[in-house]
1. What length, rounded to one decimal in nm, is gained on full extension from residue 506 through to residue 1, with 0.36 nm per residue of separation minus their alpha-carbon distance?
2. Would you mind computing, in nm to one decimal, how far apart the modelled labels at residue 405 and residue 251 are, each placed 7 Å from Cα along Cα→Cβ?
3. Considering all alpha-carbon pairs of the stretch 2-153, what whole percent are spaced by more than 19 angstrom?
4. State the extension gain, in nm to one decimal, for the chain segment bounded by residue 487 and residue 27, taking 0.36 nm per residue of separation less the distance between their alpha-carbons.
5. In degrees from 0 to 90, rounded to the nearest 10, what is the angle of the helix 450-465 Cα long axis to the longest principal axis of the chain?
6. When the gyration tensor of the stretch 148-285 is built from Cα positions, what are the square roots of 5 times its three eigenvalues, in whole Å, from largest to smallest?
7. Under a plain spin-label model, where a point goes 7 Å from the Cα along Cα-to-Cβ, how far apart in nm are residue 165 and residue 37?
8. So in the stretch 168-379, what percent of DSSP beta bridges are antiparallel if you round to the nearest 5?
């Protein structure tokens with residue numbers, strides 16, 4: 001079996017696909033990757049990939065602006081080279097329309113992940129694929145790490161995330177860059193982030209570095225691209241202790257080698273974080289604004305994730321912060337330095353009572369999925385309880401099984417729980433009405449209630465999407481209900497499954 005995996009996303013997401021390649025290779029056969037030319041260098045960090053087909057994305061976009069016939073000819077030429085060795089199956093892990101069209105152009109029959117049906121509508125090979133796309137728009141509602149989602153979309157059980165180890169040449173280059181680095185050890189600092197509002201302040205990194213240097217003699221090594229060099233300059237202007245600036249001085253292979261020469265990476269939510277995790281380098285990551293660790297945290301057991309202990313975190317995409325980005329200032333750098341010093345010295349982890357953050361440590365759950373467990377005493381908070389319940393119930397829903405119930409609500413007094421139960425019961429009533437109308441339409445397709453039926457289906461989607469705790473079900477319902485609309489019987493079975501899902505949530509939330 002020769003499988004072509006399409007991943008047209010960014011650096012970090014491409015790295016997080018590694019367990020998919022390893023899982024497919026373990027099944028037997030060969031594995032190929034189609035990625036954008038921008039991230040061709042990242043593909044060299046992957047294992048178990050027999051060939052890489054590089055799509056000239058930037059060139060095609062430029063040609064479209066100049067002459068779309070030329071762009072189509074260029075794309076057809078690229079597809080022609082691919083058709084000379086057609087894959088047995090295509091696994092598309094990018095839900096965009098362009099990636100779906102590309103997957104259909106490469107293979108019409110066996111498309112896993114995200115595809116298109118004969119009418120041009122989105123198609124999903126498994127419920128996990130629909131959940132993955134829905135979760136990308138409602139990240140605060142997803143309790144699963146993206147690496148596990150990629151593997152489930154591919155039909156794989158959770159596996160090891162291990163990237164290609166740096167070669168001797170890259171390690172020698174790293175050693176030369178670090179040759180003047182003083183101290184008894186090194187801690188890498190990634191100061192930048194994809195968006196400035198998701199970036200921990202440089203002054204906080206400086207405070208953490210001061211504690212690490214004074215307690216253990218570990219020197220901060222500043223990493224990043226040349227465009228982030230101003231952050232390194234700001235760091236060095238504030239630091240009253242040794243540090244080494246490597247921003248703009250490493251290609252990807254050398255960056256991987258430098259990380260292997262450090263004891264830990266302290267970082268924002270970045271591609272460098274995923275690179276370190278895939279290399280087995282301990283990670284401590286800070287998640288601010290829209291970033292939250294349960295879905296994009298480092299896929300490495302023992303790693304640490306920190307986020308603000310604020311009721312508004314994580315915030316929604318596209319909303320202006322009404323709190324002046326208070327989350328950026330809420331996590332104290334000195335306290336993080338103390339935490340990481342204890343972590344590196346293998347001491348018991350604890351945080352001060354006045355620490356304004358949630359600290360999580362990664363380890364696998366009983367099913368092998370990567371999970372986070374609280375170091376800062378937040379396991380008994382409403383959000384944590386709800387995440388535990390979602391992980392179990394969604395897994396059973398998406399895998400079409402009815403395993404034993406082990407996750408239940410344990411608090412006796414919670415307004416969050418009471419409001420959520422009321423919302424779930426409302427959703428159950430809405431589904432019941434849709435089912436009743438659907439059964440009538442199954443017998444009489446021309447019944448006058450059809451417009452009301454369609455409105456109620458849309459109302460259910462809007463209800464889910466507008467609910468902070470159930471938002472992921474909005475696009476999920478839209479994707480799946482449209483897919484099953486070709487048969488009223490299939491649609492009614494889907495309604496039943498959603499009603500059973502909501503009832504399962506109510507059962508888990510019910511107090512003994």
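1. 177.4 nm
2. Those two pseudo-labels are separated by 5.7 nm.
3. So the pairs more than 19 Å apart make up 53 percent of the total in the stretch 2-153.
4. Taking residue 487 through residue 27 to full extension adds about 162.1 nm, to one decimal.
5. 20 degrees
6. Working: eigenvalues 134, 65, 39 Å².
In descending order, the three semi-axes are 26, 18, 14 Å.
7. It is 3.4 nm.
8. In the stretch 168-379, approximately 35 percent of DSSP beta bridges are antiparallel ones.
Bear in mind these aren't lab numbers, they're just calculated from the coordinates by the rules spelled out. All values reported here derive from a predicted model rather than from experimental measurement. Cβ coordinates were reconstructed from backbone atoms using ideal geometry, including for glycine residues, and neighbour counts include every protein chain displayed.
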